[in-house]
Amino acid sequence: MQYLPVCLKLSEMSVLLVGAGTIATRKARLLLRAQARVTVVAPDMTDELQALLAEQGGNWQARKYREADLQDCTLVVAATPDRQVNQQVSEHAKARGIPVNVVDAPDLCTFIFPSIVDRDPLVIAISSSGKSPVLARQLRHRFDALLPAAYGKLADFGGRLRDRVKQAIPEETPRRLFWEKLMAGAAAEQVLAGREQRAEAIFEEMLAREDGLAHGEVYLVGAGPGDPDLMTFKAARLLQSADVVLYDRLVSPAIMEMARRDAERIYVGKRRDDHAVPQEQINQLLVDLALAGKRVVRLKGGDPFVFGRGGEEIELLARHRIPFQVVPGITAGNAAACYAGIPLTHRDYAQSVRFVTGHLKDGTTNLDWSSFGSDSETVVFYMGLVGLPIICEQLQANGRAADTPVALVERATLSEQRVLTGTLATMAAIVEQEQPRAPTLIIVGPVVALHRQLAWFGES
Ligand code: SAH
């Protein structure tokens with residue numbers, strides 16, 4: 001190992017920064033974040049650095065570097081464009097045993113800055129020992145994407161409870177097991193969601209129970225419209241940590257691939273008029289699994305609260321006091337519009353958008369058709385394939401022009417995505433001929449005409 005990673009406490013320490021260009025500004029920002037007392041020596045300074053020093057405290061000596069600047073300093077960073085000055089700083093610092101970093105000159109450094117993932121107080125430092133900073137930065141981005149923004153709060157949470165746990169569980173091994181459960185369970189998720197009080201309640205419950213087991217928990221997770229890249233970080237993280245995953249037909253196989261290999265997968269799929277598992281049974285199953293201590297993810301296509309019956313599923317959980325969270329997802333209406341190049345609103349064409357269910361009950365919809373007359377509103381029909389002829393008919397009967405553009409987006413965001421376009425007058429015949437397969441979404445309104453201009457891979 002060429003460099004030993006250490007975490008340096010810089011608060012109240014004097015750090016000398018020689019140079020005041022853009023790179024020096026970045027270093028100053030970092031040093032100030034670590035609460036160092038920064039002195040900058042440089043004849044000129046960027047406006048940004050000046051503002052930074054003014055805002056966060058820091059001292060500027062507007063002149064050239066001299067050796068005496070190193071007096072009383074703990075650390076020195078040289079970032080001038082002048083190689084000779086940098087070399088001097090390096091030599092002087094080395095002679096005095098002060099750690100020195102010279103930007104972009106590994107041979108002049110006795111320490112280097114790693115790439116940092118900052119989830120204060122949790123910090124991850126990544127270094128390629130100066131060989132490939134780009135590689136280190138790419139790795140940093142991967143960790144950044146992996147770790148929830150509030151991850152540091154989890155460390156604080158643990159810090160606050162340390163003594164309590166130590167007292168309650170004096171033996172080391174059970175204590176470690178308790179911590180592992182705490183940090184991977186419902187309490188941790190509540191901390192990440194910013195609900196510390198609830199987290200503490202779960203913690204108390206775990207501590208009080210002989211087996212140290214918490215209740216299971218349920219996450220109602222929006223999986224988005226199908227393309228796995230459209231899941232949120234949180235959805236992906238919860239899916240990867242679940243013991244049990246309940247999913248239905250709208251959840252694509254590629255998304256299910258992301259679950260743990262050993263996770264139990266339960267299909268509760270719904271097809272139109274073919275409810276594999278009745279809703280009441282799904283609700284009950286969620287409760288039973290959680291009471292058995294499982295970490296349950298209920299994956300929903302799109303967003304759980306948009307035509308997803310998510311509300312019903314959490315009602316029973318709440319009644320049983322089972323910890324749960326609802327994680328939003330990209331709803332099919334948004335996704336289909338973006339992927340088909342149809343802006344849902346547009347300054348010239350549509351000032352509002354409405355998401356409606358086109359599901360037929362006994363052959364008719366119970367929508368108030370008279371409220372759909374405004375031409376400046378885009379209407380997105382979910383579950384409207386079967387009812388499409390009625391939808392088109394009713395819209396025309398209630399004030400929409402026969403030539404109002406209509407798009408049907410089939411299997412939006414998946415590789416088989418297809419967009420059919422027509423008008424209220426022609427769409428039923430087009431659908432009859434093309435026989436699109438569910439899931440499909442219908443978008444009605446003048447904005448649909450923009451599809452030809454804006455869809456760069458539209459098929460129709
Ligand atoms: N909660 C889901 C909607 C569930 S209702 C969401 O927020 O997206 C089911 C309906 O959603 C389907 O009948 C269809 O109209 C629409 N839908 C879901 N995924 C779709 C997709 N990939 N492409 C087109 N429509 C989709």
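The values are calculated or read from the model by the stated rules, or taken from the named source; none is laboratory data. None of these values were measured; they are calculated from a predicted model. When we count neighbours, we look across all protein chains shown, and the Cβ atoms used for this are built from the backbone with ideal geometry, even at glycine.
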query: Can you name every residue in segment 1-38 that is among the polar types (S, T, N, Q) and in contact (Cβ under 8 Å) with a residue 60 or more places away in the chain?
result: Gln2, Ser14
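When segment 308-348 is examined, which residues are found to be out of contact with any helix residue (DSSP H, G or I) (no Cβ under 8 Å at 6 or more places or on another chain), within 16 Å of the ligand (Cβ to nearest atom) and outside any loop (DSSP other than H, G, I, E, B)?
Gly310, Gly311, Ile314, Ala332, Gly333, Asn334, Ala336, Ala337, Cys338, Tyr339
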- request: Could you give me the residue pairs with C-beta distances under 9 Å whose first residue belongs to segment 139-155 and is charged (D, E, K, R), whose second residue is part of a helix (DSSP H, G or I) wherever it lies, and which are 6+ apart or on separate chains?
  value: Lys153/Val191; Lys153/Leu192; Lys153/Glu196
query: Quick check, is Val380 surrounded by fewer than 20 Cβ atoms within 10 Å (Cβ to Cβ), in contact (Cβ under 8 Å) with a residue 60 or more places away in the chain and within 16 Å of the ligand (Cβ to nearest atom)?
result: no
task: Restricting attention to helices (runs of 4 or more DSSP H) lying wholly within segment 163-266, give those where 3 or more residues are under 17 Å from Val327 (Cα atoms) and more than 16 Å from the ligand (Cβ to nearest atom).
output: 186-192, 233-241
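The rows are residues; the columns are (1) among the charged types (D, E, K, R); (2) touching a residue at least 40 places away in the same chain (Cβ under 8 Å); (3) under 30 Å from His141 (Cα atoms).
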| site | (1), (2), (3) |
| --- | --- |
| Val40 | no, no, yes |
| Leu52 | no, no, yes |
| Gly57 | no, no, yes |
| Tyr65 | no, yes, no |
| Val77 | no, yes, yes |
| Ala93 | no, no, no |
| Arg96 | yes, no, no |
| Val103 | no, yes, yes |
| Val117 | no, no, yes |
field: Failed condition for Ser132, given (1) within 25 Å of Leu16 (Cα to Cα); (2) not assigned by TED's automatic domain parsing to the domain that holds Ala28
entry: (1)
- prompt: Any chance segment 144-153 includes a residue that's closer than 24 Å to Gln2 by Cα and buried (at least 17 other Cβ atoms within 10 Å of the Cβ)?
  reply: no
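In this structure, is Phe355 outside any helix (DSSP H, G or I), within 8 Å of the ligand (Cβ to nearest atom) and either surrounded by fewer than 20 Cβ atoms within 10 Å (Cβ to Cβ) or among the basic types (Lys, Arg) (or both)?
No: the conditions fail for Phe355.
Run down Thr440, Thr426 and say which single residue is modelled with pLDDT of 95 or more and within 17 Å of Ala335 (Cβ to Cβ).
Among Thr440, Thr426, only Thr440 is modelled with pLDDT of 95 or more and within 17 Å of Ala335 (Cβ to Cβ).
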message: Tell me whether segment 266-282 contains one or more residues that are touching a residue at least 40 places away in the same chain (Cβ under 8 Å), surrounded by fewer than 18 Cβ atoms within 10 Å (Cβ to Cβ) and more than 30 Å from Val406 (Cβ to Cβ).
response: no
Segment 278-306: number of residues that are within 16 Å of the ligand (Cβ to nearest atom) and either in contact with a Phe, Trp or Tyr (Cβ under 8 Å, 6 or more places away or on another chain) or outside the structural domain of Val244 (by TED's automatic domain parsing) (or both): 4
Positions within segment 321-373 being of a type in the set (S, T, N, Q) and closer than 24 Å to Phe233 by Cα, in sequence order: Gln325, Thr331, Asn334
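Yes/no matrix, rows are residues, columns are (1) in contact with a strand residue (DSSP E or B) (Cβ under 8 Å, 6 or more places away or on another chain); (2) within 25 Å of Leu220 (Cβ to Cβ); (3) crowded, with 17+ Cβ neighbours inside 10 Å:
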| position | (1), (2), (3) |
| --- | --- |
| Thr331 | yes, yes, yes |
| Tyr339 | yes, yes, yes |
| Asp348 | no, no, no |
| Asp368 | no, no, no |
| Ser376 | yes, no, no |
| Glu393 | no, no, no |
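The rows are residues; the columns are (1) away from the ligand (no atom under 16 Å from the Cβ); (2) buried (at least 21 other Cβ atoms within 10 Å of the Cβ); (3) outside the structural domain of Ala254 (by TED's automatic domain parsing).
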residue: Ile390; (1), (2), (3): no, no, yes
residue: Gly399; (1), (2), (3): yes, no, yes
residue: Pro405; (1), (2), (3): yes, yes, yes
residue: Glu410; (1), (2), (3): no, yes, yes
residue: Leu414; (1), (2), (3): no, no, yes
residue: Thr421; (1), (2), (3): no, yes, yes
residue: Ile430; (1), (2), (3): yes, no, yes
residue: Pro436; (1), (2), (3): no, no, yes
residue: Ile442; (1), (2), (3): no, yes, yes
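Could you check how many residues of segment 175-185 are within 19 Å of Leu147 (Cβ to Cβ) and surrounded by 15 or more Cβ atoms within 10 Å (Cβ to Cβ)?
Qualifying residue count for the region: 3.
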